[in-house]
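Following: one structure in structure tokens, then a few remarks.
The values are calculated or read from the model by the stated rules, or taken from the named source; none is laboratory data. The shown structure was predicted, so the numbers you read here are calculated from the model rather than taken from an experiment. Note that each Cβ is placed from the backbone with ideal geometry, even for glycine, and that neighbours are counted across all protein chains shown.
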């Protein structure tokens, strides 16, 4: 009984921590506490060391990332095969990877951790289970990213 209580308490604390982190994600600001709790149940946390690649341009992706700690940057490779240029900077509350999630398109840029990084990630299957208002929110923001990545 004591072990079960400890496990349940730990799981509840972890869920509360995720919900608190989700409140700081800009794209989720308009969601209700209930909607955020649904997302908290579906997301997983992942850690990256500074310099690690989180996603790679051109690869197929099925995961959306929200930064809870640290910083990352997006780099876009030029079509002629030359060096890549930084096109975006991310910090806690920012997100990336939604284009691949929504449209099943290859990744538009490579994202690397600038510092040690903690992300919350949501895969396509979990996303589809909760699709409703979350998809609409992401689609509204998609055009901003497309404009930034194409410049």
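Of the residues making up segment 28-41, at least one is modelled with pLDDT under 70 and outside any loop (DSSP other than H, G, I, E, B). Got at least one residue in segment 94-111 being surrounded by fewer than 16 Cβ atoms within 10 Å (Cβ to Cβ), in a loop (DSSP other than H, G, I, E, B) and modelled with pLDDT of 90 or more? There is no residue in segment 94-111 that is surrounded by fewer than 16 Cβ atoms within 10 Å (Cβ to Cβ), in a loop (DSSP other than H, G, I, E, B) and modelled with pLDDT of 90 or more. Screening residue 69 on (1) farther than 21 Å from residue 40 by Cα; (2) touching a residue at least 24 places away in the same chain (Cβ under 8 Å) shows it passes everything except condition (1).
Report whether or not residue 79 is more than 15 Å from residue 114 (Cα to Cα), surrounded by 12 or more Cβ atoms within 10 Å (Cβ to Cβ) and either touching a helix residue (DSSP H, G or I) at 6+ places or on another chain (Cβ under 8 Å) or modelled with pLDDT under 90 (or both).
No: the conditions fail for residue 79.
Would you mind stating whether residue 87 is at pLDDT 80 or above, touching a helix residue (DSSP H, G or I) at 6+ places or on another chain (Cβ under 8 Å), more than 26 Å from residue 32 (Cβ to Cβ) and assigned to a strand (DSSP E or B)? It is true that residue 87 is at pLDDT 80 or above, touching a helix residue (DSSP H, G or I) at 6+ places or on another chain (Cβ under 8 Å), more than 26 Å from residue 32 (Cβ to Cβ) and assigned to a strand (DSSP E or B).
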